[in-house]
């Protein structure tokens with residue numbers, strides 16, 4: 001039985017998939033299997049897969065059913081003690097599997113171990129942004145309050161296979177099935193974190209996370225689903241969940257250069273959770289909206305590009 005099963009859902013992903021698989025083959029932990037779930041692609045993935053000679057890699061094809069179904073297929077077919085998910089356009093650092101597997105080995109209460117994530121652009125160039133998650137241990141209340149998960153991205157967590165035996169598979173009806181699953185894990189298990197960037201997450205125009213209205217519907221569904229199963233003495237956290245949701249959507253609206261929509265989401269956030277006005281990150285959000293309003297999208301992008309250049313330089317020095 002392999003130590004780790006790596007599951008890669010793939011739908012017309014051949015532009016980046018070979019580079020993604022290459023990062024797997026460079027892992028310092030070599031006791032793994034890779035299940036590439038071809039979710040009805042039409043980009044030559046079957047022909048490419050037939051040329052792979054590494055016996056640890058298996059291509060499984062199915063009709064197009066979506067990411068949740070592809071992940072579920074991988075879980076059902078998996079043989080590993082631990083399961084790691086990897087999006088077909090992301091890249092792992094060589095020690096990713098080794099360090100996360102060691103964390104699970106050393107901490108029997110941990111069901112999910114995350115790691116930090118560095119952002120790259122379409123051409124694999126670092127943006128200078130690193131997503132850091134320091135939330136570990138018993139994260140249940142914090143996760144419920146935000147009705148979100150601190151997990152950095154879909155390619156960052158490693159999960160015990162037994163979690164899925166107890167909690168079930170990904171919810172195919174959810175728009176954000178990964179967040180739904182990470183929340184469910186937090187209700188029964190502790191979180192662990194490897195505090196260094198072991199994932200390179202690719203940002204490009206097709207990222208689903210920029211579709212604000214779809215995300216709003218998806219997170220509303222998730223919030224209501226989560227709170228429907230909670231004890232009544234914790235329902236006071238529900239407005240905070242909506243407040244944090246609208247803050248998140250405001251930043252996504254800024255990414256799409258729509259400051260009016262961002263301002264609307266900010267108003268909704270304040271209405272749901274007025275205490276947000278005391279949070280420094282809420283102040284930063286309002287400053288960003290003001291900059292875009294008065295300097296325009298181009299002016300805002302110049303300032304952000306300058307900040308990113310500074311971060312890239314600092315990140316390069318740190319590594």
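Listed values, structure above:
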| quantity | calculated |
| --- | --- |
| Qualifying position, being exposed (fewer than 14 other Cβ atoms within 10 Å of the Cβ), within 25 Å of residue 174 (Cα to Cα) and not assigned by TED's automatic domain parsing to the domain that holds residue 149, among 230, 222, 278 | 230 |
| Residue match in the stretch 114-123 (condition: within 17 Å of residue 195 (Cα to Cα), buried (at least 21 other Cβ atoms within 10 Å of the Cβ) and more than 15 Å from the chain's Cα centre (by Cα)) | no |
| Spans of helices (runs of 4 or more DSSP H) in the stretch 1-104 with at least 3 residues under 19 Å from residue 178 (Cα atoms) | 67-77 |
| Answer from 40, 74 - the residue that is in contact with a strand residue (DSSP E or B) (Cβ under 9 Å, 6 or more places away or on another chain) and surrounded by fewer than 18 Cβ atoms within 10 Å (Cβ to Cβ) | 40 |
| Residue within the stretch 195-205 that is more than 17 Å from the chain's Cα centre (by Cα) and either touching a residue at least 40 places away in the same chain (Cβ under 8 Å) or assigned by TED's automatic domain parsing to the domain that holds residue 159 (or both) present | no |
| Options 246, 189, 201: the member that is in contact with a strand residue (DSSP E or B) (Cβ under 6 Å, 6 or more places away or on another chain), buried (at least 18 other Cβ atoms within 10 Å of the Cβ) and over 21 Å from residue 87 (Cα atoms) | 189 |
| Number of the exception - residue 270 against (1) more than 16 Å from the chain's Cα centre (by Cα); (2) more than 30 Å from residue 295 (Cα to Cα) | (2) |
| Condition met for residue 252 (under 22 Å from the mean Cα position of the chain (by Cα) and farther than 18 Å from residue 186 by Cβ) | yes |
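The values are calculated or read from the model by the stated rules, or taken from the named source; none is laboratory data. Model, not experiment: these values are computed from the prediction. When we count neighbours, we look across all protein chains shown, and the Cβ atoms used for this are built from the backbone with ideal geometry, even at glycine.
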